[in-house]
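Below is one structure, written out as structure tokens; the observations come after it.
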Amino acid sequence: MMDQWQKLKQDMKQAAKDLGIDAIGVASPDPFVTLKERLIRHRELGRESGFEPTDDLDRRTDPSLLFDRPQSIIAIAVAYSSKLENPPKSTEGARRGIFSRASWGTDYHVVLRDRMSKLEEWLRERVPDLRAESMVDTGELSDRAVAERAGIGFSAKNSFIINPELGTWIYLGEMITNLPLPPDEPITEQCGECTKCLDACPTGALVGPGELNAQQCVSFLSQTKTTLSDHHMRKIGNRLYGCDTCQIVCPINRGKNWTHHEDMRPDPELVKPLLIPLLSLSNKEFKAQYGHMSGSWRGKKPIQRNAVIALGNFKDESAVPALIKVLHDDPREVLRATAAWALGRIGTEEAVQALHGALEREKDEEAIAYIEQALDEASGKEGK
């Protein structure tokens, strides 16, 4: 006769789709010893992003420090879209930026909390004395380490979890429980000799298979609030939030696009927005338009800075008046410095005049340095 916990697990897997969950698995609650060793090395090499949930590596790798007498961890995956239907075109005079796919549609924290809540309710109906704690991205455990152990997918060279059916286009969450559910078997790694993700990384942040230097990752850089180097700004391109390059080039992701979740369908105009209007958004307008997206979590400053960078990379002369307004009027030094860089990239006579005018008025040392560099860049164009 089938063990009651084995049966509960089997029933849970069959119910998953009705709960809005695309993949579900069970992991043991044992400490993540190998992960801890990797995190220690990661820290010693200075590769942390600074966005980690805690500095305490024990709490990030030992479920028993987060939950009294854990018996199992349930891992879930929810698939999201990777393609836009009828995407708006970025054209001269109407240039657009792009949010990474993980930020399309409703904030995935909201989506996963909804799915976790439904799953917990389903379990409680069957086990009234259930104890459970759900985590989504901001929890202390590594979503990817739990998903790997639970058989959701394998840890790929691009450091994402790849589900053989769904690819990397999945949100991950987990629930620590007091239920002695039998664990699933991990999936064998399937990257083979492929190194497309490592070769395509814009900044070389993927320093080896599954080894990410977050300090160099475009996704991390796009979420910072400081000024960026010339090298990094050129690499950002027109990305407003995040970077999908290492996922786009992955052969396993080819042709995979998931649109079956109504609450997660992206609005093409929001996820690929016009750049110039972004520069003048108030906090209230930004929250109203983008507050439901996970890409808004750092506020409007990084998005606006990245919009300025994108306009500089497009070298679109029609953007010069808007960039001059930022250079002259924006109270934030980072935005003024970045606008100077963008105007230097465009290099028209109007841009150069504005840079000279700004140099006379600017008080911030970093902004002055960027204005001077921009003038050097523009004069280099004139000499060609």
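Tabulated data for the structure shown
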read-out: Antiparallel bridges, percent of DSSP beta bridges restricted to the chain (to nearest 5); value: 90 percent
read-out: Convex hull per residue volume in Å³, alpha carbons only, for the stretch 158-238; value: 151 Å³
read-out: Per-residue Cβ neighbour rank within 10 angstrom, fewest leading, 318, 142; value: 318, 142
read-out: Over the chain, relative contact order from alpha-carbon pairs under 8 Å, at least 6 apart, %; value: 19 percent
read-out: Globularity ratio of the stretch 1-107, using Cα Rg and 2.2 N^0.38 Å; value: 1.58
read-out: FRET E, pair residue 185, residue 130, Förster distance 30 Å, beta-carbon r, rounded to 0.05; value: 0.75
read-out: Within-14-Å neighbourhood charge of residue 183 [Cβ basis; K, R +1; D, E -1]; value: -3
read-out: Gaussian network model of the chain, springs between alpha carbon atoms under 10 Å - residue of 247, 14, 215 with greatest fluctuation; value: 14
read-out: Gain in span if fully extended, residue 48 to residue 18, counting 0.36 nm per residue against the direct Cα distance; value: 7.0 nm
read-out: Estimated D of the stretch 244-384 in µm² per second, where Rh is the Kirkwood radius over Cα pairs and Stokes-Einstein applies at 25 °C, 0.890 mPa s; value: 146 µm²/s
read-out: Cβ-based charge dipole, the chain, positive-most Cα from 257, 340, 245; value: 257
read-out: Isotropic mean projected area of the C-alpha convex hull, the chain (nm²); value: 21.2 nm²
read-out: Residue-span extension gain [residue 7 to residue 288] - 0.36 nm each, minus C-alpha spacing; value: 96.6 nm
read-out: Lys, Arg +1 and Asp, Glu -1 on Cβ, resulting dipole of the chain about Cα centre, debye, nearest 20; value: 600 debye
read-out: For the stretch 102-221: rounded, prolate or oblate by the Cα gyration tensor [a/c cutoff 1.5]; value: prolate
read-out: Computed [θ] at 222 nm, helices only, for the chain once each DSSP H run of length n ≥ 4 contributes -39500 (n - 2.57); value: -12000 deg cm²/dmol
read-out: Euclidean distance between Cα centres, the stretch 338-384 to the stretch 252-325, Å; value: 25 Å
read-out: FRET efficiency, 1/(1 + (r/R0)^6) with R0 35 Å, evaluated for residue 118 and residue 301 via beta carbons; value: 0.50
read-out: Long pairs among 7/118; 235/315; 9/157, criterion Cα-Cα beyond 26 Å; value: 9/157
read-out: For the chain, built as a Gaussian network whose Cα springs stay under 10 Å, the top-fluctuating residue of 80, 370, 241; value: 370
read-out: Cα gyration tensor category, rounded, prolate or oblate, for the stretch 179-333 with a/c compared to 1.5; value: prolate
read-out: Cα-based convex hull volume of the stretch 215-281 per residue, rounded to whole Å³; value: 143 Å³
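Each value in this text was obtained by applying a stated rule to the coordinates, not by laboratory testing. In this text, all values refer to a predicted model and were calculated from it rather than measured experimentally. All Cβ positions, glycine included, derive from the backbone under ideal geometry; neighbour counts span all protein chains shown.
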